[in-house]
Every structure is written in C-alpha cells, then in structure tokens.
Amino acid sequence: MTAQLIDGNALARQIRADVRARTTALKARGIEPTLAIILVGDDPASQIYVKHKVNDSSETGLNARLERYPAAMAENDLLARIHALNADTAVHGILVQLPLPPQMDSHKVIEAIAPAKDVDGFHVSNAGALMVGQRGFWPCTPHGCLKMLDSIGYPLRGKHAVVIGRSNIVGKPMAMMLLARSATVTLCHSATRDLAALTAQADVIVAAVGKRNLLTAEMVKPGAVVIDVGMNRNDAGKLCGDVDFEGVKNVAGWITPVPGGVGPMTRAMLLVNTIEATEAAAR
Ligand code: GUN
C-alpha cells in the first residue's frame, strides 16, 4: 500500500488566498490588518522563522511590523513594549518569537499579551478557552494539523488518535482539538512505555517530539493517517520529520511530508488568526 500525500503547500496556498480576500475586504473599510512580531536576540532558527512570518504577511497583504531587540534586553522593557502594543489600536496581533533569552520568563511575557491579540494562542486564557470549548485563538501548528485532517474529509468521531509529544504548543492543544471532534485520544511523550503498542492501535498518529525516525513502519496500523510535526535534519543535513517517511508511506493510508506538510500549514494558520483578530476588533 502506498499512502496518499496530504500536501501542506497546496492547502496553505488555498488558506492564504482566503486570507488575502479577507484582507482586501478590511482594507476597503480603511482597516489595515497589522501583526507585530517581536524578536529578541539573534537565535539563527528564530531569525529564519520570523523572516518567513514577515514574508507570508506581506504576500497576503497583511502589515507585519518586525521589532528586533538585543539579547541583553531587560524583561521589564519587553513587558513595557508589549503593554504599549496591547494599547495600540492599529495593532491587531502580537507575536513574541520563542525561545526568549534566559533572563526572561517566557510565561510571564506571554501572559502580558492581551488575549485578543495573542495570535499564537499561547496565553493561558486562549489555552483555557480551548480546554473548556470556548472560542479563542488556537495554536497554529495543531490547528494546521486539524485542517489537514479536514482536507481529506477524515471522520474523527469515535476514532483513536495517538498524539506523541506533550508540549503546550502542539501536543496538549492537539489532544484537546481531537477530543472536541469526539476522537478518543492517547497523549504520549518521550517516557511513554511501549509506544509501538499504542501507535499500532491508532487510526490517526500525530508525531511531535523532534526525534528522527521516532515512528517507523511496524508501529503503524495499515491505512492510518500519519501527521508529522517534526523538524529535524538527517545525516545529509536535509530537513526531515519524526516519521520514517520511506518506510511508513508503504503502510499508512495518508501521510504528510517534511518539508511541505505541517510547516506551511503552521505559517498559514498564523495569518488566519491575525485576520480573525482584525475582524473581531473591527466588529
Ligand atoms: N518558536 C518556535 N515556534 C514558534 C511559534 O509557533 N510561535 C512563536 N512565537 N515562537 C516559536
């Protein structure tokens, strides 16, 4: 069996087209959707992520305001800057790129962002809203994964989803989103004993650990949907996920590639959250 590919690039392109149309409609009303992106320090990966976010915004007509600060910035100065952006009605979304330098408490920084502008969906208010089934901003990566499942018309009700990785920004919110769709969810992590026994029962597997070849063909039930959130490098330095793609594609029913899978969807969902923040502010 050869799995069908879920093309994150193609789906993200459709989502960006929708965001572009909504941006145009807002601009016709004199509203310029604006995302403030804060980068503290010069972490190389963060610089690349931020560049993508700025480019994606510009391509869809959103105004991205990048603010760069030195790694030695004091936490209080960052908090003051966030408070100013919270009060600025011309700014609809605020994103603080993580990780932050060690002198900063990232929880404290994220909690300083007004929940209505927290387009990452990391604030406890948005995380709590997801937990109790209220409206709020959903974190971009798991939301993108859910959109990929929707794109193939996958009926989650009653299905068993195994999510591997319990981070606050992927694993935990992913589990909540799948539960909200009436899937049965097993949330695993790196210390889970006999992971293969659990994944072998799964109809859907979301791998989000950051470990190459975490999921191999013998761990997957024939026909299962495999979503690969991992971002790793192989021995040749090429980007790869947590899934042994070459092996698993012969067993799974559907699979997401790396690159070209979850990555572009994460980026697209940030644009969706930003346009939604703007529309909500304009209501
Ligand atoms: N660092 C790595 N991923 C993310 C993300 O999705 N949002 C933010 N703010 N920082 C990150």
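The values are calculated or read from the model by the stated rules, or taken from the named source; none is laboratory data. Remember, it's a predicted structure, so these values are computed and weren't measured experimentally. Here Cβ is always computed from backbone atoms with ideal geometry, including for glycine, and neighbour counts include all displayed protein chains. These accessible areas exclude ligands, DNA and RNA; they are computed on the full protein's heavy atoms, side chains included. Shrake-Rupley method; radii C 1.70, N 1.55, O 1.52, S 1.80 Å.
Worth pointing out:
- Note on the chain: with a GNM built from Cα contacts shorter than 10 Å, the maximum mean-square fluctuation among PRO70, PRO173, PRO142 falls on PRO70.
- Using Cβ point charges alone (K and R +1, D and E -1), the dipole size of segment 140-269 about the Cα centre works out to roughly 340 debye.
- Convex hull (Cα only) mean projected area of segment 29-142, reported in nm² to one decimal: 7.6
- Each Lys and Arg Cβ is given +1 and each Asp and Glu Cβ -1; about its Cα centre, segment 220-283 then shows a dipole of about 80 debye.
- Candidate aspartates and glutamates - alpha carbon under 13 Å from LYS221, same-chain residues fewer than 8 apart omitted: ASP203
- The chain, accessible area per residue, ligands and nucleic acids excluded (1.4 Å, Å²): 46
- Dipole of segment 171-256, positive end: most advanced residue of ALA191, MET176, VAL243 [Cβ charges, Cα centre]: MET176
- Taking every Cα-Cα distance in segment 125-260 and sorting them into 10 Å bins from zero, the calculated P(r) comes out as 13, 46, 33, 8, 0 percent.
- Amide H contacts of ILE205 (H built 1.01 Å from N, in plane; Pro and chain starts excluded): VAL162, VAL225, VAL226, ILE227 sit under 5 Å, all sequence-distant by 5 or more or on other chains.
- Within the accessible area of the chain (1.4 Å probe), percent carbon and sulfur: 53
- Computed across the chain, the Kirkwood hydrodynamic radius from all distinct Cα-Cα pairs reaches 19.5 Å.
- Listed residues ILE38, ILE48, ILE164, most fluctuating in the chain (Gaussian network, C-alpha, under 10 Å): ILE48
- Positive-end residue, segment 118-197 charge dipole about Cα centroid, Cβ charges, pick of GLY121, PRO155, GLY133: PRO155
- Shape category assigned to segment 111-164 from the gyration tensor of Cα positions, a/c cut at 1.5: prolate
- Centroid-to-centroid, using Cα positions, segment 26-82 and segment 227-283 are 21 Å apart.
- The lysines whose alpha-carbon is closer than 29 Å to the alpha-carbon of LYS27, local same-chain residues fewer than 8 away aside, are LYS51, LYS53, LYS117, LYS147.
- Residue among MET104, ASN234, GLY223 farthest towards the positive dipole end of the chain, charges placed on Cβ: GLY223
- For the peptides 19-30, 4-15, residues were scored by their other Cβ atoms within 10 Å and the scores averaged per peptide; the highest-first order is 4-15, 19-30.
- Within segment 121-187: Cβ-based charge dipole about Cα centre, in debye rounded to nearest 20 (Lys, Arg +1; Asp, Glu -1): 80
- Highest-fluctuation residue, VAL272, VAL132, VAL170 considered, GNM on the chain with Cα pairs under 10 Å: VAL132
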